[in-house]
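Structure first, then comments.
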């Protein structure tokens, strides 16, 4: 009687390897991990480059904007400064004459008011229409004004015109106090130096 030969257990792994082609010398194993890694590195490099470019563009744009803003601001300041100088030069011929200090009413008592004024005289040969005026200050802290400046719309060449402001003496001021008022020529909205200036004095009395 014939007996069928039984395969040995240690031969099974070899049979499976042969069936799957693992022992085939021409079999190519998929071990290409370098390509994936290289692709990842390339992508990372590209992203970094793009980010750097974006940062550079943003910085350049910001710097350009700042420079433009600075140039624009500087240009405006230069224009305003030049205009102020021209206006102040045109106001220089305006003289302050005949200063006055008139109590309202007389005499000037503690708690009473006084009108301080002057006559503007345009001694120049051109009209001046940049709101010429005066600004007045008192040398005593108890003599004050709620509106120490006043302006005209314009003054024609050779024209004379009066202008005034009102000050009030505090009720606590000592009778007999001599107050000096300083009157300065000004132009509305301009910082002009060296314009005409004059003074006038008045005494606070203690008897009506």
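Couple of notes before you dig in:
- Test: residue in the stretch 174-181 that is crowded, with 19+ Cβ neighbours inside 10 Å, closer than 27 Å to residue 111 by Cβ and touching a residue at least 12 places away in the same chain (Cβ under 8 Å): yes
- Selection status of residue 125, part of a loop (DSSP other than H, G, I, E, B) and either in contact (Cβ under 8 Å) with a residue 24 or more places away in the chain or surrounded by fewer than 18 Cβ atoms within 10 Å (Cβ to Cβ) (or both): yes
- Selection count, the stretch 105-122, where residues are over 20 Å from residue 147 (Cα atoms) and within 38 Å of the chain's Cα centre (by Cα): 2
- Qualifying residue in the stretch 132-142 (condition: assigned to a loop (DSSP other than H, G, I, E, B), at pLDDT 95 or above and crowded, with 20+ Cβ neighbours inside 10 Å): no
The values are calculated or read from the model by the stated rules, or taken from the named source; none is laboratory data. All of these numbers come straight from a predicted model, not from anything done at the bench. Quick reminder, even Gly has a Cβ in these numbers, built from the backbone with ideal geometry, and neighbours come from all protein chains shown.
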